[in-house]
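Q: Sharing a structure here in structure tokens format.
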Amino acid sequence: MGNVLTPCCGGPGDELRPSALGSSSAMADTPNALSVDVPPMHRAASAPVNVPDQGPFGLGVLPHVKDLLKAGFLKAYLTRLYNTELGTGPQGACRPNSAVAHASLDPEMNTMNIAMPDLTAEYWCTFVPPGQAPVFRLKFPEWSVYSALTAYDTAGFPVASLNARQVAGGTDPRMLIDSEGRVVVHLMHGTTWDHSAPLCVLFRVYRPEGVDITPHDDLPHARLVSAASSTTPLRSKIAKGLDWQGFQDSPASSADDLMAMSLEDVLNSTDEFEGPVPQEEALQRGRVIGEDFNEVISSKIKALHQNQYGSQFFYPNSVGGLFVNANATYVIAFLGTEHHGMKITTKVPEKTRFRPFYGYMAISYTTTETVGSLVGEREAELGGWGAEYTLYVAKTEEEAKEFSDYDPLNKAHRLLLWGPDCDTPGLVLRYLHYFAETTDLAEDELEASNKERELLTHLDGTRAALGKVQQDGVPGIGEIEYW
């Protein structure tokens, strides 16, 4: 549940400035609070590590044959998963939000902790039968940090998406606002996909502090229409500026297309919408899916290449099958067995309308589970927008105290833990960006957003690439020192 990986082609923005990163002297070794001698910090090797042929992450997550996972095994697995979930209700019925991925450190609320989710986010699943297309009715929660509807095919790739800021823009042709202020959206309209296969639509919500799970009344309602209604006799790119990377023009017209309901008819139909399934049922289905998915993925994980341990942050080349977020870009680094942890000195980016989220996730590469997270805007975690911080990432607090200069009494020191049993620890830094013309952002905001997104894709695990990205103005990226 990461990022769309095709670099955006937005031009450079003039508004961005280099971030106030810690100097090399600030990162030098100093005794910790207990006056124990601290070993010298290890600076990562300067060799590119995200070569294209090392797996869906660019990390080596592969069975023996690359295409077996991408085009064969994973597609077959997801097809079975979608159809299994469709079979939990009446045949052909629409069951909105029938399962939820809600990764949490609370075992009672932890469901479907797969594909490196953030612990402040949740993903409500609506499964769509072959030959059908979903129409949703909802109010995107005003309290959410970020919220979006995204449809995925059986390869786990996004094929359509709509986020809350696009709704605010008011120009996306797939939607209307009804008399009660609710968005009615024919999500798949104008999109090309395989009508003979099922779909999974995620309602993705990033929560602020104080919200443990999205209230039942804030979840989408849905109904189904013929997939043929997703095309239009108009042979134009009706969703210009769609805020994701996978949009394609509508296919050439066919007899089915010409007999399909018009977009206006679909949006204004008086047909009933189905409400969400009960929360406990969705949590239970999430647990079932998560356990199965973890078992399958763990059995296919391949060892990392040696140069992928101890590098600087790098941008993964591909995350096929991991339900990528259309608005997310993330970079990743892995801890080697010869080290105890990481240290990063930088600052949280300043608050902007185009960047709603910035945060770290401590993850296990072996299981793709998230085991800890820190969010930039939260004062208790990274200090809030614009705050300077030094982040220490370790398996335990005791190791951070013993082997680094981490000082729990220093308010600028922030600690993120993998836990003592984490297998193949990794650190993910995730940004969310709005970047399309259909949002309500100004031209200069879109320019700055697209520049930032594109520059993040240049990170290849080397200090040279990191320095260039910092110099070009991407905020919040610090050098990793290993200890």
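Let's see how each residue does on (1) of a type in the set (D, E, K, R); (2) open to solvent by 30 Å² or more (accessible area, probe 1.4 Å); (3) modelled with pLDDT of 90 or more; (4) within 17 Å of Arg137 (Cβ to Cβ):
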site: Arg182; (1), (2), (3), (4): yes, yes, yes, yes
site: Leu187; (1), (2), (3), (4): no, no, yes, yes
site: Val201; (1), (2), (3), (4): no, no, yes, yes
site: Arg207; (1), (2), (3), (4): yes, no, yes, no
site: Thr232; (1), (2), (3), (4): no, no, no, no
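Yes or no, residue by residue, for (1) closer than 13 Å to Met342 by Cβ; (2) open to solvent by less than 10 Å² (accessible area, probe 1.4 Å); (3) part of a strand (DSSP E or B):
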| residue | (1), (2), (3) |
| --- | --- |
| Val371 | no, no, yes |
| Glu379 | no, no, no |
| Leu382 | no, yes, no |
| Trp385 | no, no, no |
| Thr390 | yes, no, yes |
| Ala400 | yes, yes, no |
| Asp407 | no, no, no |
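Q: On to the next question. How about the stretch 356-369: which of its residues are farther than 13 Å from Leu429 by Cβ and open to solvent by less than 10 Å² (accessible area, probe 1.4 Å)?
A: Ser364, Tyr365, Thr368
Q: State whether the residues of the stretch 324-331 include one that is in contact with a helix residue (DSSP H, G or I) (Cβ under 7 Å, 6 or more places away or on another chain), within 12 Å of Pro117 (Cα to Cα), open to solvent by less than 10 Å² (accessible area, probe 1.4 Å) and among the hydroxyl-bearing types (Ser, Thr, Tyr). Can you show your working first?
A: Within the stretch 324-331, the first condition is being in contact with a helix residue (DSSP H, G or I) (Cβ under 7 Å, 6 or more places away or on another chain), and the residues that meet it are 329, 331.
Going one step further and asking which of them are within 12 Å of Pro117 (Cα to Cα), we end up with none.
No.
Q: Which of (1) open to solvent by less than 30 Å² (accessible area, probe 1.4 Å); (2) closer than 17 Å to Leu427 by Cα is the odd one out, the single condition Asn317 does not satisfy?
A: For Asn317, the failing item is (1).
Q: Turning to a different aspect of this structure: Answer with yes or no whether Thr337 is at pLDDT below 95 and in a loop (DSSP other than H, G, I, E, B).
A: Values: at pLDDT below 95: yes; in a loop (DSSP other than H, G, I, E, B): yes.
In short, yes.
Q: Suppose we filter the stretch 189-199 for residues that are surrounded by 17 or more Cβ atoms within 10 Å (Cβ to Cβ) and charged (D, E, K, R); how many remain?
A: So the answer is 0.
Q: Going by what's in this entry, would Arg137 be described as charged (D, E, K, R), under 20 Å from Ala328 (Cβ atoms), assigned to a strand (DSSP E or B) and in contact with a Phe, Trp or Tyr (Cβ under 8 Å, 6 or more places away or on another chain)? Outline the logic, then answer.
A: Numbers: charged (D, E, K, R): yes; under 20 Å from Ala328 (Cβ atoms): no; assigned to a strand (DSSP E or B): yes; in contact with a Phe, Trp or Tyr (Cβ under 8 Å, 6 or more places away or on another chain): yes.
When the stated conditions are applied, Arg137 does not pass them.
Q: Looking at (1) farther than 20 Å from Asn410 by Cβ; (2) surrounded by fewer than 22 Cβ atoms within 10 Å (Cβ to Cβ); (3) within 21 Å of the chain's Cα centre (by Cα), can you tell me which one Thr337 breaks?
A: Every listed condition holds for Thr337 apart from (3).
Q: List pairs: first residue in the stretch 142-163 and over 16 Å from Ala328 (Cβ atoms), second residue surrounded by 21 or more Cβ atoms within 10 Å (Cβ to Cβ) and polar (S, T, N, Q) anywhere in the structure, Cβ distance under 7 angstrom, at least six positions apart or on different chains.
A: Close Cβ pairs satisfying both conditions: Val159/Thr191; Ala160/Thr191.
Q: Inspect all residues belonging to the stretch 272-282 and state whether any of them is modelled with pLDDT of 90 or more, open to solvent by less than 70 Å² (accessible area, probe 1.4 Å) and of a type in the set (Gly, Ala, Ser).
A: yes
Q: Kindly indicate the residue of the stretch 458-476 that is in contact (Cβ under 8 Å) with a residue 24 or more places away in the chain and of a type in the set (A, V, I, L, M) and also surrounded by the fewest Cβ atoms within 10 Å (Cβ to Cβ) among those meeting that condition.
A: Looking at residues that are in contact (Cβ under 8 Å) with a residue 24 or more places away in the chain and of a type in the set (A, V, I, L, M), I get Ala464.
Q: Shifting gears a bit: Of all residues in the stretch 187-224, count the ones that are in a strand (DSSP E or B) and out of contact with any helix residue (DSSP H, G or I) (no Cβ under 9 Å at 6 or more places or on another chain). Write out each step before concluding.
A: Taking the stretch 187-224 first, the residues in a strand (DSSP E or B) are 199-206, 221-224.
From what is left, the residues that are out of contact with any helix residue (DSSP H, G or I) (no Cβ under 9 Å at 6 or more places or on another chain) are 201-204, 206, 221-224.
Selection size over the stretch 187-224: 9.
Q: Further question: Looking at the stretch 78-104 only, could you name the residues that are among the β-branched types (Val, Ile, Thr) and either open to solvent by less than 30 Å² (accessible area, probe 1.4 Å) or within 24 Å of the chain's Cα centre (by Cα) (or both)?
A: Applying the first criterion (among the β-branched types (Val, Ile, Thr)) to the stretch 78-104 yields 79, 84, 88, 100.
Matches in the stretch 78-104: Thr79, Val100.
Q: Moving on to the next point. When the residues of the stretch 134-180 are narrowed to those that are under 20 Å from Asn327 (Cβ atoms) and of a type in the set (Ser, Thr, Tyr), which ends up most open to solvent (accessible area, probe 1.4 Å)?
A: This residue is Thr171.
The values are calculated or read from the model by the stated rules, or taken from the named source; none is laboratory data. Owing to the predicted nature of the structure, the values given are computational and were not obtained by experimental measurement. Positions of Cβ are generated from backbone atoms using ideal geometry, with glycine treated the same way; all protein chains shown enter the neighbour counts. Ligands, DNA and RNA are stripped out before the accessible areas are found, and what is left, the full protein with its side chains, is counted by its heavy atoms. Shrake-Rupley method; radii C 1.70, N 1.55, O 1.52, S 1.80 Å.
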